[in-house]
Every structure is written in structure tokens, then in C-alpha cells.
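One structure is given here, and the rest of the page talks about it.
The values are calculated or read from the model by the stated rules, or taken from the named source; none is laboratory data. What you are looking at is a predicted structure, and each value in this text was computed from that prediction instead of being measured. Note that we place each Cβ from the backbone using ideal geometry, even for glycine, and neighbour counts take in every protein chain shown.
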Amino acid sequence: MSSLSDKIESYLRKLIRQYEGEVEIKRNRLADDFNCAPSQINYVLDTRFTVERGFIIESRRGGGGYVRIIKVKLNSKNEAMKNIIKQLEGPLQPKEAKGIIKRLHENNLIRHRDRVLLEAAISKNSIGFENEEKNKIRAQVLKNTLKAIFKI
């Protein structure tokens, strides 16, 4: 039997396909539909609809709040890169950064050599200290390097 998270993910993916790559939902309403807490919806969004998996999440809180899930289409290198770079504002864990780089390579947006260089630049050993700032710097390094590669 699949978990509640799997069911929510499956439902959201179906909506995304149905609406051609972009869907807007109300977090509380979806939580009511699945008889769960809104934090369960957040968990699914945070773990299954990430940038490295090819999604952009936009949200607005409050009474009229929503969550918009956008599947990044990789048919235009510059458009895809602009969307990915837009999401690189906060801290970025090494695993997340490697996932983004891997996806770019798998979709032929970067060459193997670029992948190796990017992975070296964002690796745990590249920045000499350990704290939350390191993850912010990792995001900034990846963002600036991708901007240089794609001349954005």
C-alpha cells in the first residue's frame, strides 16, 4: 500500500500533466481533501517537487494564498536556465546542488566537462568552513557559474 505522501504526489503529478505543466492549488483545501495537515502537503512539495527534480514552486501565504507548481520544460536552454537560476536564492545542500547539475547534464544542457567542473565548485571541500553560510555560498557559486555558462 502506498503512503499518503505517495498518493499526494501522484495526484499532483496527474494535475500537472492535465494542465500542461503548471497547476495552482490551495494548500489547505488539498489537505482537507486528503484528510491531513497542511504540513504534510508542504513535506510532499519540499521533497518531491524540487528544483533538482525539475519543478519550481511559487507560493503566497494568507487568506488568498496558493501554491503554484511549475514543471520546467527543458526545450529552451536559456528559459530553463533562467527558471533554475531564479530558484537559487537560499541555501543549497550539496545533494540538492548535485541533483540540479545531474539533471542539466542528463538533459544535454551542459556538457560532461561542465558537470565535472560544477560539481567540483560546489563540493563540500570547496568552501573551507562548515555552517549555514556555506550552503548560501554554494547556491551563489552555482548560480553565478550557470549564468556565466549560459550568458544570462
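Does the range 26-47 contain at least one residue that is outside any helix (DSSP H, G or I) and modelled with pLDDT under 80? Spell out how you get there, then give the answer.
In the first step, residues of the range 26-47 are kept if they are outside any helix (DSSP H, G or I); the result is 26, 34-37.
Applying the additional criterion that residues be modelled with pLDDT under 80 yields none.
Looking through the range 26-47, none of the residues is outside any helix (DSSP H, G or I) and modelled with pLDDT under 80.
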Name the pairs whose Cβ atoms lie under 6 Å apart, with the first residue in the range 85-97 and assigned by TED's automatic domain parsing to the domain that holds ILE137, the second outside any helix (DSSP H, G or I), and 6 or more positions between them or separate chains? GLN87/ILE56; PRO94/LYS124
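Can you confirm whether the range 129-150 contains a residue that is under 30 Å from ARG17 (Cβ atoms) and at pLDDT below 80? Working first, answer last.
Step one: filter the range 129-150 for residues under 30 Å from ARG17 (Cβ atoms), giving 139, 142-143, 146, 150.
Checking the rest, the ones that are also at pLDDT below 80 come to 150.
For the range 129-150, residues under 30 Å from ARG17 (Cβ atoms) and at pLDDT below 80: present.
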Output the number of the condition that ARG17 fails; it satisfies all remaining conditions of (1) in contact with a strand residue (DSSP E or B) (Cβ under 9 Å, 6 or more places away or on another chain); (2) at pLDDT below 85; (3) in a helix (DSSP H, G or I). (2)
When you scan the range 59-93, how many residues do you find that are at pLDDT 80 or above and touching an Asp or Glu at 6+ places or on another chain (Cβ under 9 Å)? 7
